[in-house]
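Heads up: the structure comes next, in C-alpha cells.
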Amino acid sequence: MKLPDGPRIPPWLETIQLIVRPLEFFDELGERYGDAFTLGDRNNSPVVYLNHPQGIKEIFAADPNLFGSASPIHVETIVGKHSLAITDGELHQRQRRLLMPPFHGERMRAYGQLICDITEQVMAKWTIGQVFSVRSVMQEITLRVILQAVFGLHQGQRYEQLRQLLGSFLDAVSSTLKASLLFIPALRWDLGAWSPWGQFVRLRQQIDQLLYSEIHERRQSIEASRTDILTLLLMARDDVGQPMSDVELRDQLLTLLFAGHETTASALTLALYWIHYLPEVKRKLESEIDTIRTDADPSFIARLPYLTAVCQETLRLHPIAFQTNPRKLKAPLEIMSYQFDPGTILVGLTYLTHKREDLYPQPTRFHPERFLTRQFAPYEYLPFGGGNRSCIGMAFAQFEMKLVLAKILSYWQLALVEQRPVKLVRHTVAVAPPNSLRMLVNGQRQSQKVLSVL
Ligand code: HEM
C-alpha cells in the first residue's frame, strides 16, 4: 500500500481539530501536503483526503461496487441505519432510483409555486426597520418547503409540532460542543431531559412518534393523486412486491428532512450575505431580476445567468458540505499512482478543490463572473459531490435557492447590520454561517414585478 503523507499527531487531537476547526485544519494540511493527505490510523482504515481534480475524477468514475458506505456513526444516530446516506451496494442504488424522481424534471418544477408561496408567507412578516437573523429566517423557509414537499403537510397540529421539534432537534446538535456528543460515543450520557444527550434522545423520540403517526394514518388511505414524496414511498414496492416498512420510511423521511433543509438554508444565507456585502453584485443581480417579464414562470427564473452564477459562486467559496461522503474500499484501488488497500476510506475534499488557484484565480474572492466565462468539470466544481453517491437534491436545492433569492430581492431592500467577514462554524456534518449574521429590512423596492409573476 502506498498512502499520501500526513501529520503524525495523536488521534484525539486530530478528532478535536476535525470537530472544532475543520476548515482551518484542512487549510493547514493543504498548505503542507498539497493534493492529497492521510489522516486516521494508517494500519487500520486510514482516511485519505484528495483535493486534486484528477483524484476526485477517479473516485467518481470508479466502479461503485468497489465502495462501501463509511458514514460516521453520528449520521446513523440521526437518520437511522436504513437511510440512503448509510446503505450501499444494490440496496443503495434501488433506494436512489426510488427517491430521485421527485427531485428532478417536471415533478420538481411543480414545487416552484410552493417555494414561492412559502417565501412570500415568511417575508410577509417583515416590517421596515426590523433586524433579523438571516439563518433562522432561511431555515424557516427551507424547513417549510421540505416538510410540505416531503410529507404534503401544509398545516395543522402535526405539521406545527414537527416544525418546532425539528428546529429544536437541529439546535440540539448544531453547536460544536453539542456536536461532540454525537461524534464521540463515550460522551453520550443521558442524565435527564436537561442534559444535552438526554435532550437529544427525547427530541428524537417525540419526532419519531409524530412521523410514525403520520405514516400509519397515510398507509390507511393512500391517495395516489398526491404529489408529495411520502405518498410515492408508500406506493413503492420492492422486487418481490413488498412495501417499505415503517422504520425504512421513517429513516428516508428523516434523511430528506435533514439533508434537504439545513444545507439549503446555509447556502441561501451566504448568498444573501455576499449579495449585500458587495454592492456591485447586488446592482447586477437586481438589474437582471428587473428584466423578468410578468408572464415568466419559475423555470425561466431558474435559468437567469447572473443569478445562477451567484448561486454557483456561493457554493464554490462555501461548499457547505465541505467534503464528499466517505467511501470505504472493498477491494484494492489505484488512484493518482497511490495504491490503496481494502478498508481505506477515500474522501473528496471539496473545500480545498474549490480553493485551488489553478482552477479559481484569486480563490478567496467572491466573483460570480468566473462561472460566466468558464465551464467547470464535475470533478473541479463539486458542491454536491458526484458519482454514485452524488446529492439527490442537487437540482432541487439550486432551484429553491434561485426562486427564494429572486423573490426576496425583487421585493425588499435589505442591508447587512455589520459589514464584516463571515466565519463558518461546525454544524453537525456540515459547516454553516453563524446565527449572529443579521440583516436589516431597509424598505421595499420600487419595482415589485416578480412578486406578481410567481
Ligand atoms: C445547498 C444544498 C445542498 C448541498 C450543498 C448538498 C450537498 C451534498 C453532498 C456534498 C452530498 C454527498 C455527495 C457525495 O458523497 O458524493 C450530499 C448527499 C445527499 N444529499 Fe445533499 N446537498 C444539498 C441539498 C440537498 C437536498 C435539498 C436534498 C433532498 C431533499 C439532499 C439530499 C441528499 C441525500 C439523500 C444525500 C445522500 C445521497 C447518497 O448517499 O446516495 N441534499 N448532499
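The values are calculated or read from the model by the stated rules, or taken from the named source; none is laboratory data. What you see is a predicted model; the values in this text were computed from it and never measured. Heads up, the Cβs are rebuilt from the backbone with ideal geometry, glycines too, and the neighbour counts pull from every protein chain shown. With ligands, DNA and RNA removed, areas are computed over all heavy atoms of the protein, side chains included. Shrake-Rupley method; radii C 1.70, N 1.55, O 1.52, S 1.80 Å.
Numerical summary
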| quantity | calculated |
| --- | --- |
| For segment 108-147 and segment 246-317, distance of Cα centres in Å | 12 |
| Positive dipole terminus of the chain, leading residue within Leu315, Thr15, His216 (C-beta point charges) | Leu315 |
| Sequence-distant lysines (8 or more away, or on other chains) whose Cα lies within less than 26 Å of Lys282 | Lys125, Lys355, Lys402, Lys407, Lys423, Lys449 |
| Ranked order, Val347, Val422 - accessible area, probe 1.4 Å, largest first | Val422, Val347 |
| Neighbour count of at most 11 Cβ within 10 Å plus DSSP loop: longest GluC sites (Glu not before Pro)-free window in the chain | 1-222 |
| Positive-end residue of Ile115, Ser436, Ala62, charge dipole of the chain with Cβ unit charges | Ser436 |
| Carbon + sulfur, % of accessible area of segment 11-453 - ligands and nucleic acids excluded, 1.4 Å | 54 |
| Heavy-atom accessible area ranking, 1.4 Å probe, most first, across Thr350, Thr291 | Thr291, Thr350 |
| Ellipticity estimate at 222 nm from DSSP helix runs (n ≥ 4, -39,500 (n - 2.57)) divided over the chain, nearest 500 | -16000 deg cm²/dmol |
| Dipole-positive endmost among Leu254, Met138, Leu153 within the chain (Cβ charges, Cα centre) | Met138 |
| Proximal lysines to Lys328, defined as alpha-carbon separation beneath 17 angstrom and excluding residues fewer than eight positions away on the same chain | Lys2, Lys57, Lys81 |
| Residue-span extension gain [Gln339 to Asp238] - 0.36 nm each, minus C-alpha spacing | 32.6 nm |
| Å² per residue, accessible surface of the chain at 1.4 Å | 43 |
| Inter-site label distance for Asp63 and Ile16 at 7 Å from Cα along Cβ, in nm | 4.4 |
| Dipole in debye (nearest 20) - the chain, about Cα centre, beta carbon charges: Lys, Arg +1; Asp, Glu -1 | 560 |
| Length added when fully stretched, Ser436-Phe300, from 0.36 nm per residue minus Cα-Cα | 45.6 nm |
| Lys, Arg +1 and Asp, Glu -1 on Cβ, resulting dipole of segment 317-454 about Cα centre, debye, nearest 20 | 400 |
| Gain in span if fully extended, Gln375 to Glu76, counting 0.36 nm per residue against the direct Cα distance | 104.0 nm |
